[in-house]
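> This is the structure, below, for whatever I ask next.
The values are calculated or read from the model by the stated rules, or taken from the named source; none is laboratory data. Because the structure is predicted, anything quoted here is derived from the model rather than measured. So basically every Cβ, Gly included, is an ideal-geometry build from the backbone, and we count neighbours across all protein chains shown.
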Amino acid sequence: MDLDLAHDRAQRILRQRNVLAGVAIVLVGALAVTFTAAQSREREVVLVPTLRSPMTLSSSSVSREYLEMVTRDVAALTLNRSPETLTWWMNTILDLTDEQDRGEVKKGLMKIVTEQQGSQISQFFTPDMMTVNPGKLTSEVGGTLHTVVASKDVTSEHRTFRFRWRYNGVSLKLAGFGMMTHEAAPPGAAQ
């Protein structure tokens, strides 16, 4: 009787081993198929010609280099405008703005568009400094802000602008920007 029990137990263990071996073979096969599919799959890399070096993004935080490069490009867009391009200027800035801040930024931009549309006032900015703070998601750009009426340079003043950002997943979006005063940072949109 003990022999029969031992034989039944051995047969049960053998069946379990055979089932586990079959599952292991199926998993190894699935792994091989997945690996082959991953190797043969086309890889897509976004090449941005304005970046100085290759970038990798992390969902945990934005890198200092990436924030600096985005700030550089967005500052060039936001601080250079002419009456002929005001609508395009505003729409492009709004495309870069975070959804929850878009209303406030648009309000500030609409004020500028209303004041300058039909005029001969243009503005261009020549930067000379930039600081970024990835921890607080802010960046500051300083330089000379030139105001041109018709073809005459009317004013050239050194100004500093602060940009506020929102980082969600791997998406960096503008939350607001404006000219800084000596006392405090600006709320909302551009001046």
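> Do you know which residues across region 129-154 are exposed (fewer than 12 other Cβ atoms within 10 Å of the Cβ), under 19 Å from Ser61 (Cβ atoms) and not charged (D, E, K, R)?
Listed by number, the list holds a single entry, Gly135.
> Please pick out the residue among Arg52, Arg41 that is farther than 30 Å from Ser156 by Cα, of a type in the set (D, E, K, R) and either surrounded by 10 or more Cβ atoms within 10 Å (Cβ to Cβ) or modelled with pLDDT under 90 (or both).
That would be Arg41, the only listed residue that is farther than 30 Å from Ser156 by Cα, of a type in the set (D, E, K, R) and either surrounded by 10 or more Cβ atoms within 10 Å (Cβ to Cβ) or modelled with pLDDT under 90 (or both).
For every residue, the table says whether it meets (1) over 23 Å from Thr181 (Cβ atoms); (2) touching a strand residue (DSSP E or B) at 6+ places or on another chain (Cβ under 8 Å).
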site: Ser53; (1), (2): yes, no
site: Ser59; (1), (2): yes, no
site: Val70; (1), (2): yes, yes
site: Thr87; (1), (2): yes, no
site: Asn91; (1), (2): yes, no
site: Gly103; (1), (2): yes, no
site: Gln120; (1), (2): yes, yes
site: Pro127; (1), (2): no, yes
site: Val149; (1), (2): yes, yes
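> Leu96 passes all but one of (1) under 19 Å from Ser139 (Cα atoms); (2) modelled with pLDDT under 90; (3) in contact with a Lys or Arg (Cβ under 9 Å, 6 or more places away or on another chain); which number fails?
(2)
> Considering only region 109-137, state which residues are of a type in the set (Gly, Ala, Ser) and either under 21 Å from Val148 (Cα atoms) or not assigned by TED's automatic domain parsing to the domain that holds Leu79 (or both).
Gly118, Ser119, Ser122, listed by residue number.
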